[in-house]
Amino acid sequence: MLTKEEFSRYSRHLLLEPFDDHAQQQLKRATVIIFGIGGLGNQVSMALAGAGVGKLVLVDNDDVAVSNLPRQWLFGSAEVGQPKIEAAAHRLTALNPHCEVVSVPFINDEKSISEHLHTCNVLVDCTDNQTARFYINRLAYRYHTPLITAAASGFIASVVALQPWLKTGCYQCLEDAVNDTQSCIDQGIYSPVVAIAGQLQAMLTLNLLTGVAPVNWGQLSLFDGTFFTLQQFTLARDPACPVCGD
């Protein structure tokens with residue numbers, strides 16, 4: 001049951017026609033693992049904590065840098081040099097004390113997050129390098145857990161939701177088809193584009209956890225901030241993919 005304070009806190013969600021106290025309780029009981037607390041991870045974690053997700057597991061091994069501040073809005077100048085997971089956990093707990101925040105300082109160490117992998121509802125990939133993304137994609141398939149992944153570079157934002165038990169292709173299929181290894185470090189990043197990508201990622205996660213709106217699995221959405229356009233494509237499965245192929 002929701003408390004009186006929770007009904008007041010989440011009242012604007014509860015006014016939505018498809019949203020009810022059951023949907024809010026679904027969020028309260030949910031566990032989400034967020035890999036990467038950079039630009040995307042800032043947006044996703046703020047949105048999920050604010051919406052009432054019960055437990056967030058933050059996985060990151062970076063420290064806050066001054067170049068992060070234009071787009072990573074959980075952090076201020078005072079947090080420069082601090083571990084991102086520590087600074088983020090402090091701010092998120094202040095944002096919503098009902099949200100349990102767990103910090104894990106290892107990206108590529110399955111053992112450090114194994115207990116959470118067995119109990120989480122969804123993996124959210126907010127990392128910014130191909131090696132980490134391939135690793136998280138494999139985890140999703142190994143633990144049979146939905147994966148919401150997004151990216152932002154230059155003026156382009158992309159997001160896709162993946163279900164391991166559906167034959168829609170995986171992140172490995174996408175990267176092998178695109179073959180683009182550039183990141184925001186290579187070509188820069190327009191700060192609002194990061195926010196758009198992260199909020200789309202958060203919306204898909206909330207839709208999955210509550211069921212208030214459908215999730216189009218395997219549908220890749222691309223936002224172009226230069227022309228202000230949104231395109232959508234179906235992610236095809238590569239039969240030769242080492243992760244999801246035959």
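The values are calculated or read from the model by the stated rules, or taken from the named source; none is laboratory data. These numbers come from a predicted model, not from an experiment. Ideal geometry is used to build each Cβ from the backbone, glycine not excepted, and the neighbour counts take in all protein chains shown.
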ask   = Would you pick out the residues in region 190-199 that are surrounded by fewer than 24 Cβ atoms within 10 Å (Cβ to Cβ) and either part of a strand (DSSP E or B) or not β-branched (V, I, T) (or both)?
value = Y190, S191, P192, A195, Q199
inquiry  = Tell me the residue from N108, N121 that is in contact with a helix residue (DSSP H, G or I) (Cβ under 7 Å, 6 or more places away or on another chain) and over 25 Å from Q232 (Cβ atoms), please.
reply    = N108
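Among the residues that make up region 104-111, is at least one of them closer than 20 Å to A49 by Cα and part of a loop (DSSP other than H, G, I, E, B)? Give the steps one after another, and end with the answer.
As a first pass, look at region 104-111 and keep what is closer than 20 Å to A49 by Cα: 104-105.
Remaining after also requiring part of a loop (DSSP other than H, G, I, E, B): 105.
The answer is yes; a qualifying residue exists.
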ask   = Given the residues S67, S114, S45, which is the only one that is crowded, with 17+ Cβ neighbours inside 10 Å and in a helix (DSSP H, G or I)?
value = S45
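Scan P18, P97 and give me the residue that is at pLDDT below 95 and over 24 Å from V194 (Cβ atoms). If you could, list the steps in order and put the result at the bottom.
On the way: P97 fails: at pLDDT below 95.
When all the criteria are applied, what remains is P18.
Mind listing whichever residues of region 147-162 are in contact with a Ser or Thr (Cβ under 9 Å, 6 or more places away or on another chain) and either under 24 Å from A30 (Cβ atoms) or hydrophobic (A, V, I, L, M, F, W, C) (or both)?
Restricting attention to region 147-162, the residues satisfying the condition of being in contact with a Ser or Thr (Cβ under 9 Å, 6 or more places away or on another chain) are 148-162.
Once the filter is applied, which keeps residues that are in contact with a Ser or Thr (Cβ under 9 Å, 6 or more places away or on another chain) and either under 24 Å from A30 (Cβ atoms) or hydrophobic (A, V, I, L, M, F, W, C) (or both), region 147-162 yields I148, T149, A150, A151, A152, F155, I156, A157, V159, V160, A161, L162.
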task = For region 81-100, name all the residues that are touching a Gly at 6+ places or on another chain (Cβ under 7 Å) and either under 12 Å from N42 (Cβ atoms) or of a type in the set (S, T, N, Q) (or both).
result = L95, N96
inquiry  = Given the criteria of a type in the set (A, V, I, L, M), part of a helix (DSSP H, G or I) and buried (at least 20 other Cβ atoms within 10 Å of the Cβ), does A152 qualify?
reply    = no
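Could you please find all residues in region 206-246 being of a type in the set (A, V, I, L, M, F, W, C) and in contact with a Lys or Arg (Cβ under 7 Å, 6 or more places away or on another chain)?
We begin by selecting, within region 206-246, every residue of a type in the set (A, V, I, L, M, F, W, C); these are 206, 208-209, 212-213, 215, 217, 220, 222-223, 227-228, 230, 233, 235-236, 240-241, 243-244.
Passing the criteria: V243, C244.
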query = Is there a residue being more than 19 Å from the chain's Cα centre (by Cα) and over 26 Å from N207 (Cα atoms) anywhere in region 104-111?
reply = yes
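Have a look at A89, A94 and point out the one that is of a type in the set (G, A, S), within 18 Å of the chain's Cα centre (by Cα) and part of a helix (DSSP H, G or I). Let's see the steps before the verdict.
Values: A94 fails: within 18 Å of the chain's Cα centre (by Cα).
The unique qualifying residue is A89.
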remark   = Flagged in region 120-134 as modelled with pLDDT under 95 and of a type in the set (S, T, Y), in numbering order, are T131
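Conditions (1) part of a loop (DSSP other than H, G, I, E, B); (2) surrounded by 15 or more Cβ atoms within 10 Å (Cβ to Cβ); (3) among the aliphatic types (A, V, I, L, M); (4) in contact (Cβ under 8 Å) with a residue 12 or more places away in the chain, marked per residue:
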{"residue": "M1", "(1), (2), (3), (4)": "yes, no, yes, yes"}
{"residue": "E17", "(1), (2), (3), (4)": "yes, no, no, no"}
{"residue": "Q24", "(1), (2), (3), (4)": "no, yes, no, yes"}
{"residue": "I33", "(1), (2), (3), (4)": "no, yes, yes, yes"}
{"residue": "G50", "(1), (2), (3), (4)": "no, yes, no, yes"}
{"residue": "V53", "(1), (2), (3), (4)": "yes, yes, yes, yes"}
{"residue": "V57", "(1), (2), (3), (4)": "no, yes, yes, yes"}
{"residue": "G81", "(1), (2), (3), (4)": "yes, no, no, yes"}
key: region 216-237: number of residues that are more than 18 Å from L147 (Cα to Cα) and in a loop (DSSP other than H, G, I, E, B)   = 4
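Each row is one residue, and each column tells you yes or no for (1) closer than 28 Å to S158 by Cα; (2) of a type outside the set (A, V, I, L, M, F, W, C).
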{"site": "F7", "(1), (2)": "no, no"}
{"site": "G36", "(1), (2)": "yes, yes"}
{"site": "G41", "(1), (2)": "yes, yes"}
{"site": "V53", "(1), (2)": "yes, no"}
{"site": "L58", "(1), (2)": "yes, no"}
{"site": "F75", "(1), (2)": "yes, no"}
{"site": "A88", "(1), (2)": "yes, no"}
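Determine, yes or no, whether A51 is over 16 Å from E86 (Cα atoms) and small (G, A, S). Even if it seems obvious, please write down each step before you answer.
Values: over 16 Å from E86 (Cα atoms): yes; small (G, A, S): yes.
Considered against the rule, which asks whether it is over 16 Å from E86 (Cα atoms) and small (G, A, S), A51 comes out as yes.
With of a type in the set (A, V, I, L, M, F, W, C) and without any contact (Cβ under 8 Å) to a residue 24 or more places away in the chain as the only criterion, which of A94, A132, A152 stands out?
Values: A132 fails: without any contact (Cβ under 8 Å) to a residue 24 or more places away in the chain; A152 fails: without any contact (Cβ under 8 Å) to a residue 24 or more places away in the chain.
After applying the criteria, what remains is A94.
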